[in-house]
Amino acid sequence: MKSVDYIIKADYLLTMEVDLSVIRDGAVAVTGSDITDAGTFQDISGKYTSEKIIDGRNRVVFPGLINTHSHAAMVYFRGIADDLPLQVWLEQHIWPNEMKWLSSEFVADAVDLACLEMLKAGVTTYSDMYFFQNTSGKQLQKIGMRGVLGSGIIDFPWKDVAETPDDYFTNCEELINAWKGNELVTPCVAPHATFTCSPDKYIRAKELADKYDVPLHTHLAETQYEVAECRKRYGKTPVEHLDSIGFLSERVSAAHCVWLTDREIEILAEKKVGVAHCIESNLKLASGIAPLPKMLNAGVKVAFGTDGAASNNDLSILGEMSTAAKVHKGVSMDATVVDSRTALLMATRNGAEIVGLGNKTGSIRPGKKADIVIANLDKPHLSPLYDIYSHITYCMRPGDIETVMVNGKIVVDKGRATTLDEAEVIEKAKAWQNKIQAT
Ligand SMILES: [Zn+2]
């Protein structure tokens, strides 16, 4: 018998590997940061012993959820400006507030809040686009959460962040040199969007990502405004434009992809671009509804993203799953699209693959990192239970997430964060709110 650090028992175990089968009375063995084995409890308990056995009666165990598009620090602007058209919301409210408040200190405190919210909702990895990502990386080390941290690139200077656009590339390169190879933090190059980044910025971003073998993250085809602007400037739609300059590849994850032609969907599939579907943000900002069923049919790899909390307004991937599974049925008048298995696959394995972490996380498989969620099924809204996938997609709430493990360490235990002082994080959020409101 081999000794392992943890044996996690579960009434229901979803590994999200190959056939998406449900293992009843399952168990996962964890050693250090890694998953050692997974299978039935009978099988696992016959091969391994552990001093720490987590009892999973009336519980479901599944891989940590992946948020493939966020601006975590924007959580401090949650609810600051709602019910406005996107360009008004962005240009008159969000950008001026960011101009005024963004600093390393702001990002450090805000990232704590965002990570607390995500971890308690079962999200173990997020892919981010923002500034001050070196600060975010330090917070992630402290918190013990996994992140793909994209350092933003735009055409114009941004107060302390960049005196000239060249500085964004220096920032990116410094971030890469500081974090490449880190267990939890993956540095990433993040040109903002076709209407804020000229082609030379996109080309330089790609060259930088290729040089260091790190992911690329951008916004793409989010609004009709963006498509019109792109046609005006370059005579092409956004996906065709980025394809024509050689930017698109498997390295790229693209947020939104709402306004696509059929040809553009083909290009995304051919170039193996990952798409971060941010349906709640797109609905709230009235940007439109991305053609998710069409993309899935064409073989485009799609996962879920929340976008920033200022346009969602929470960071729950469970919420995205439920919304997407319902909205696409309603819009297509076809109740078979985005079924519950597809939704959880998008939220886990697909998510990990599109942010470049497919070998590390996204499913429960020996050799992958132990990013694992345990949810309590002993709840009125989860009873009775005929199909576990259906319950996770349509009924489960963040409050049902009980235990969360990232990289083999328990970061949420019985619903409470172990690496963050929850009261202190919320107090800091209130203090920042008071400062922001006072001006
Ligand atoms: Zn975004």
What area, in nm² and to one decimal, does the C-alpha convex hull of segment 369-439 cast on average over all directions? 7.1
Counting only C-alpha contacts under 8 Å and six or more residues apart, can you give the relative contact order of the chain as a whole percent? 20
Could you compute the longest span of the chain free of GluC sites (Glu not before Pro) located in DSSP loops and having at most 16 other Cβ atoms within 10 Å, not counting the site residues? 251-439
Which of Leu216, Leu102, Leu20 has the fewest other C-beta atoms within 10 Å, and how do the rest follow up to the most? Leu20, Leu102, Leu216
Using only the alpha-carbon atoms, what does segment 295-439 span along each of its principal axes? Please give whole angstrom values in decreasing order. 49, 41, 37
Pairwise centroid distance, computed over Cα atoms, of segment 162-197 with segment 307-321, Å: 24
Count the net charge of all other residues whose Cβ sits under 13 Å from the Cβ of Asn312, scoring Lys and Arg as +1 and Asp and Glu as -1. -4
Calculated [θ] (222 nm, deg cm²/dmol) that DSSP helices of n ≥ 4 give over the chain, each run adding -39,500 (n - 2.57): -10500 deg cm²/dmol
Taking only the alpha carbons of the chain, the radius of gyration and the largest Cα-Cα distance, Dmax, both in angstrom, are 21.0, 67
Among Thr342, His277, Cys188, the residue whose Cα sits farthest towards the positive end of the charge dipole of the chain (+1 at Cβ of Lys and Arg, -1 at Cβ of Asp and Glu, taken about the Cα centre) is Thr342
What list of ³J(HN,Hα) values in whole Hz, one per residue of segment 314-320 in order, does the Karplus curve 6.51 cos²θ - 1.76 cosθ + 1.60 (θ = phi - 60°) give from phi, with Gly and Pro shown as x? 10, 10, 9, 6, 4, x, 4
At q = 0.24, 0.30 Å⁻¹, the log10 of I(q)/I(0) for segment 139-196 from a Debye sum over equal Cα scatterers comes to -0.94, -1.15
Cα-based Debye curve of segment 285-336 sampled at q = 0.12 Å⁻¹ gives log₁₀ I(q)/I(0) of -0.29
Consider all pairwise Cα distances in segment 117-156 and report the whole-number % of them above 16 Å. 36
Treating each Cα of segment 1-93 as an identical point scatterer and ignoring solvent, apply the Debye formula and state log10 I(q)/I(0) at q = 0.12, 0.21 Å⁻¹. -0.54, -0.98
Add +1 for every Lys or Arg and -1 for every Asp or Glu among the other residues with Cβ under 10 Å from the Cβ of Asn58, and state the total. 0
If one computes P(r) from the Cα atoms of segment 83-132, what percent of pairs lie at distances over 16 Å? 55
Charge dipole (debye, nearest 20) of the chain; +1 at Cβ of Lys and Arg, -1 at Cβ of Asp and Glu: 560
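Here, each number is a calculation from the coordinates, and none is a lab measurement. Since this is a predicted model, take the numbers as computed values, not measurements. Cβ: placed from backbone, ideal geometry, glycine included. Neighbour counts: every protein chain shown.
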